[in-house]
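Worksheet: one structure, shown below.
The values are calculated or read from the model by the stated rules, or taken from the named source; none is laboratory data. Just so it is clear, the model here is predicted, and its values are computed rather than measured. A quick note on method: Cβ atoms are made from the backbone with ideal geometry, for glycine too, and the neighbour counts reach across all protein chains shown. Ligands, DNA and RNA are stripped out before the accessible areas are found, and what is left, the full protein with its side chains, is counted by its heavy atoms. Shrake-Rupley method; radii C 1.70, N 1.55, O 1.52, S 1.80 Å.
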Amino acid sequence: GGTFSMGATSEQGSDAYNHEKPVHSVTLSDYYIGETEVTQELWRAVMGSNPSWFKGNNQRPVESVSWDDCQKFIKKLNRWTGKEFRLPTEAEWEYAARGGKYSRGYKYSGSNNADEVAWCARNSGGKTHPVKTKKANELGLYDMSGNVCEWCNDWCEDYQSNSQTNPTGPSKGEYRVLRGGSWDYR
């Protein structure tokens, strides 16, 4: 955990979207987050099937799953392990992507050069790739800026300028938060 500036900070430059404003201070309690996206291998082990479009390597991230699919996966994973996994909040996801308290202020998660840390439209060959094949960020997390977009627990809402502690987003909404880059994004 720690305190950080969430939203379209200066290192994002002209790549920031209006919905990422205003920048606001967020304080988070300690939490854990997976070092990679859920792989097709793990999804198949828990769910017994693989819904992914891009198959052929079980270390690719699972894709073609809805937020509701993820909830079913998490519920089953929790039963099997006796643990309490969940999707990260949007704030937790962003803090982790920025490198947490070890952040060096990079534009992307772990570098100012997207090609070092992200599978995206210009380098992916039109497909996903096995996890951990690009450089990790300051926390040892992979693919936060590319490969597949990642679901968060929150409903989408406009950012507020006030400081927040452990924000969880609104209790209802129209769309769930999806963060990070993808194999087909610029």
Task: Condition broken by Gly169, with the remaining ones in (1) in contact (Cβ under 8 Å) with a residue 40 or more places away in the chain; (2) at negative phi satisfied - done: (2)
Task: Any chance Asn147 is under 24 Å from Arg44 (Cα atoms), open to solvent by 30 Å² or more (accessible area, probe 1.4 Å) and in contact with a strand residue (DSSP E or B) (Cβ under 9 Å, 6 or more places away or on another chain) - done: no
Open item on the list: Among the listed residues Ala121, Ala96, identify the single one that is outside any helix (DSSP H, G or I) and either of a type in the set (A, V, I, L, M) or under 22 Å from Asp154 (Cα atoms) (or both).
Closed with: Ala121
Task: Matching residues, region 12-65, being in a loop (DSSP other than H, G, I, E, B), closer than 30 Å to Thr165 by Cβ and not aliphatic (A, V, I, L, M) - done: Tyr17, Lys21, Pro22, Ser29, Asp30, Tyr31, Tyr32, Gly34, Glu35, Thr36, Glu37
Open item on the list: Being part of a loop (DSSP other than H, G, I, E, B), open to solvent by 40 Å² or more (accessible area, probe 1.4 Å) and within 15 Å of Thr36 (Cβ to Cβ) is the requirement here; does Thr168 meet it?
Closed with: no
Open item on the list: Among the listed residues Glu94, Glu116, Glu157, identify the single one that is modelled with pLDDT under 95 and of a type in the set (Asp, Glu).
Closed with: Glu157
Open item on the list: Given the criterion surrounded by 13 or more Cβ atoms within 10 Å (Cβ to Cβ), under 19 Å from Gly181 (Cβ atoms) and at pLDDT 95 or above, identify the matching residue among Thr27, Thr9, Thr39.
Closed with: Thr39
Open item on the list: Quick check on this structure: which one of Tyr102, Tyr106, Tyr175 is under 20 Å from Gln71 (Cα atoms), modelled with pLDDT of 95 or more and open to solvent by 50 Å² or more (accessible area, probe 1.4 Å)?
Closed with: Tyr175
